[in-house]
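Okay, so here's the structure we're looking at.
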Amino acid sequence: MTEKIEKLWSKNAAEGCAAMKVLERESAGSDAVYRYMGQFLDKLGSDNSYFRTRALTLIAANAKWDKYNIIDENIDTILAHITDDKPITSRQFIRLLPGLAEDKPELREDILYALEHADTLRYPSSMRPLVDKDIREALLKIYGI
């Protein structure tokens, strides 16, 4: 597992993405990846948007295993990435939020509020409509849960 986690933070995008997918699959069936939650949270502050995206993906993938409420305690930091500096990171994270709301129903209202109040004006006009569309779709899915 340690080797997979190390590869997750590789500067080689293909290697890091491959490791993320393996860890995401592992997270679907067991809590083996959950013990690295602290590391995922630390990477949310990275200058590397790929690292932030991978961390957000694995945080969401491990929400169902969050017996220590690590996500709850860090929800504001996590949800700040709805309007990440990089719109592609934002878009990928927004798509994960319906699953997070389903796995952590006690955070549903926080997630809805963050989505409804997201300021997408920070993004270029070419990206803003895409982020806004992702937000609308996530809201519809969460309201449907």
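Figures for the structure shown
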| read-out | value |
| --- | --- |
| Within segment 61-74, considering residues that are more than 18 Å from E24 (Cβ to Cβ) and not basic (K, R), the one surrounded by the fewest Cβ atoms within 10 Å (Cβ to Cβ) | Y68 |
| Lone unmet requirement of (1) assigned to a helix (DSSP H, G or I); (2) under 20 Å from L140 (Cα atoms) for I71 | (2) |
| Condition check for L56: touching a residue at least 24 places away in the same chain (Cβ under 8 Å), within 15 Å of L96 (Cβ to Cβ) and under 11 Å from the mean Cα position of the chain (by Cα) | yes |
| The listed residue being open to solvent by less than 50 Å² (accessible area, probe 1.4 Å) and part of a helix (DSSP H, G or I), out of L130, L58, L121 | L58 |
| Where a residue in segment 82-102 is under 18 Å from I145 (Cα atoms) and its partner, wherever it lies, is assigned to a helix (DSSP H, G or I) and polar (S, T, N, Q), with Cβ under 7 Å and at least six apart | L96/T57 |
| Unique match (being under 22 Å from D134 (Cβ atoms), open to solvent by less than 60 Å² (accessible area, probe 1.4 Å) and assigned to a helix (DSSP H, G or I)) among T77, T89 | T89 |
| Residues that are assigned to a loop (DSSP other than H, G, I, E, B) and either open to solvent by less than 20 Å² (accessible area, probe 1.4 Å) or farther than 23 Å from T83 by Cα (or both), drawn from segment 14-55 | S30, D31, A32, V33, L44 |
| Count of residues meeting criterion [charged (D, E, K, R) and more than 22 Å from L100 (Cα to Cα)] in segment 1-31 | 6 |
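The values are calculated or read from the model by the stated rules, or taken from the named source; none is laboratory data. None of these values were measured; they are calculated from a predicted model. All Cβ positions, even for glycine, are placed from backbone atoms using ideal geometry, and neighbour counts span all protein chains on display. For the accessible areas, the whole protein counts, side chains as well, though only heavy atoms, and no ligand, DNA or RNA atoms are used. Shrake-Rupley method; radii C 1.70, N 1.55, O 1.52, S 1.80 Å.
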